[in-house]
Amino acid sequence: MANLKETILNPILKGNPITVLVLGICSSLAVTVQLKGACVMALSVIAVCGLSSLIVSLLRNTIPNRVRIIVQLVVVALMVILVDQFLKAYAYAVDKQLSVYIGLIITNCIVMGRIEAFALGNKPIPSLLDGLANGFGYGLILVVVAFFRELLGSGTLFGFQVLPDAYIPNNLVILPPFALILLGCIIWAHRAFDKELQEK
Amino acid sequence: MEYVSLFVKSIFVDNMIFAYFLGMCSYLAVSKNVKTANGLGLAVIFVLLFTLPINWALNTFVLQPGALKWLGPNFADVDLSFLSFIIFIAVIAAFTQLVEMIVEKYLPSLYSSLGIYLPLIAVNCAILGGSLFMQQRDFTNLAEPVVYALGSGIGWYLAIVALAAIREKLAYSNVPAALKGTGITFITVGLMGMAFMIFMGIQL
């Protein structure tokens, strides 16, 4: 049981996929202008990551080693199509706003990385939990970045005005490069607290 | 003229890295020195140049709503666009596997310098992202996706070589301990992105 707890907690802090392993940056930065989009993206990644880890883990003894990348990509692509169709049906506006980035979950390194590193060698239930926890670690950073970008860039949260009218929105925060700088600062803070993670 | 404009735009204005953050994972992981960055950059240009036109053809003649008209009037309102993710990624994965096998057999020296990066490209967001943007752009003939692929590939190549050159210098500078490595790299890329934003207003 201690092992399972480790599986769930590790990806959220010590082995966070974004700030420590530097995976899945591609999609994480473009969708963080608004908190709403970031939350939908986070939930989609959690769902895709958990389900595809579960399926690959169930199939792990039947996949030939040489073609495993293609098999994994097909499983992940199927899950992403399901999520995309679901969003198109129930949250069309958000789906339009996220545009190609939902499709790009297929090549999100976190999903592939967890399948390669964990799901191929473990039983289905731990794999499912590992996938979900990694998706959650990713979502957490996404929401933190989106919180600051929406608050400083538009003075709103989830579209509701929070800061008084006297605050002039900082347009730089909405532009793409600021997401990278903000993420750099989050990594800085994380490593300042946890000295073990510092690079020599 | 139209093609020149598309070409320049896809290199600078719609730069894969600085405008869309595509291919960030390998961009950050493989940019520690200029030599390997060079290899990966060239491999990306090559794969993009082939997979994007193939996917364009598949999209135009099979996947788009009404694309199957050539099979007969009964197929005129078939819409297979929900299959596009899986078809595109299958083409990309199959192509990279094929290229890997060909290069391994006939060009062993290139394989040993590039070998590890080829399979990595299958999961490079820049490649799939290129195909997905192509789908949104409604190109009308084969030349446009080819030019677009070449431009985006070169843009990605320039970005990774530039970052690698900066990081080689950065290794000797005195950075706060907690910011070393990943942290300072992110901030550097952010500053480079700001520099690239001057291209945004350009109309061609």
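Worth a mention:
- B:Ser112 contributes about 90 Å² of solvent-accessible surface, heavy atoms of the protein only, 1.4 Å probe.
- Residue-normalised accessible area of the protein assembly as shown, expressed per residue, 1.4 Å probe, Å²: 46 Å²
- Rounded FRET efficiency, nearest 0.05, which uses the C-beta distance separating B:Ile202 from B:Thr140 and R0 of 22 Å: 0.40
- For the protein assembly as shown: rounded, prolate or oblate by the Cα gyration tensor [a/c cutoff 1.5]: rounded
- Rounded to whole Hz, the Karplus (6.51, -1.76, 1.60) HN-Hα couplings of region A:18-27, x for glycine and proline: 7, 7, 9, 8, 6, 10, x, 6, 3, 7
- 10 Å Cβ neighbours from other chains, averaged over peptide B:79-90: 4
- For region B:166-192, residues shielded by at least 30 square angstrom of accessible area compared with the chain on its own, probe 1.4 Å: B:Ala177, B:Ala178, B:Leu179, B:Lys180, B:Thr182, B:Phe186, B:Ile187, B:Gly190
- For A:Leu157, the amide hydrogen comes within under 5 Å of the amide hydrogens of A:Val162, counting only partners 5 or more places away or on other chains and with H modelled in the peptide plane.
- Distance histogram in 5 Å bins (all Cα pairs of chain B, percent per bin): 1, 7, 14, 17, 17, 15, 12, 8, 5, 2, 1, 1, 0, 0
- Rounded to the nearest 10 degrees, the angle from helix A:176-193 to the longest Cα principal axis of chain A is 70 degrees.
- Using the rule -39500 (n - 2.57) for each DSSP H run of four or more residues, divided by the residues of chain B, the 222 nm mean residue ellipticity is -20500 deg cm²/dmol.
- FRET efficiency estimate (nearest 0.05) - Cβ-Cβ, A:Val143 to A:Leu163, R0 25 angstrom: 0.85
- For A:Lys96, a cut-off of 25 angstrom between C-alpha atoms picks up these lysines, skipping any fewer than 8 places away in its own chain: A:Lys36, A:Lys88, B:Lys9.
- Under the span-like rule (Cα at least 20 Å along the axis, Kyte-Doolittle mean at least -1.0), DSSP H helices of chain B: B:34-58, B:84-106, B:143-170, B:182-196
- Sulfur and carbon atoms: percent of accessible area, region B:47-108 [1.4 Å]: 73 percent
- Region A:107-164 and region B:134-164 have Cα centres lying 29 Å from one another.
- Cα-centred dipole magnitude for the protein assembly as shown, charges only on beta-carbon of K, R (+1) and D, E (-1), debye, nearest 20: 820 debye
- Accessible-area ranking of B:Met134, B:Met101, B:Met192, largest first, probe 1.4 Å: B:Met101, B:Met192, B:Met134
- Value of [θ]222 nm, deg cm²/dmol, for chain A, DSSP H segments ≥ 4, -39500 (n - 2.57) each, nearest 500: -21500 deg cm²/dmol
- Surface listing: B:Ser109, A:Ser57 arranged by accessible area from highest to lowest gives B:Ser109, A:Ser57, probe 1.4 Å.
- On the beta carbon distance between A:Ala189 and A:Ala93, with R0 = 35 Å, the FRET formula returns roughly 0.55.
- Where B:Leu83, B:Leu63 fall by accessible area, highest first, once all protein chains stay in place (1.4 Å): B:Leu83, B:Leu63
- Neighbouring Cβ atoms from other chains, within 10 Å of the Cβ of residues in B:123-135, number 5 on average.
The values are calculated or read from the model by the stated rules, or taken from the named source; none is laboratory data. For clarity, every value in this text was computed on a predicted model and none was experimentally measured. For neighbour counting, all protein chains shown are included, and Cβ atoms are generated from backbone atoms with ideal geometry for every residue, glycine included. The protein model used for the area step is the full one, side chains on, heavy atoms only, and it has no ligands, DNA or RNA in it. Shrake-Rupley method; radii C 1.70, N 1.55, O 1.52, S 1.80 Å.
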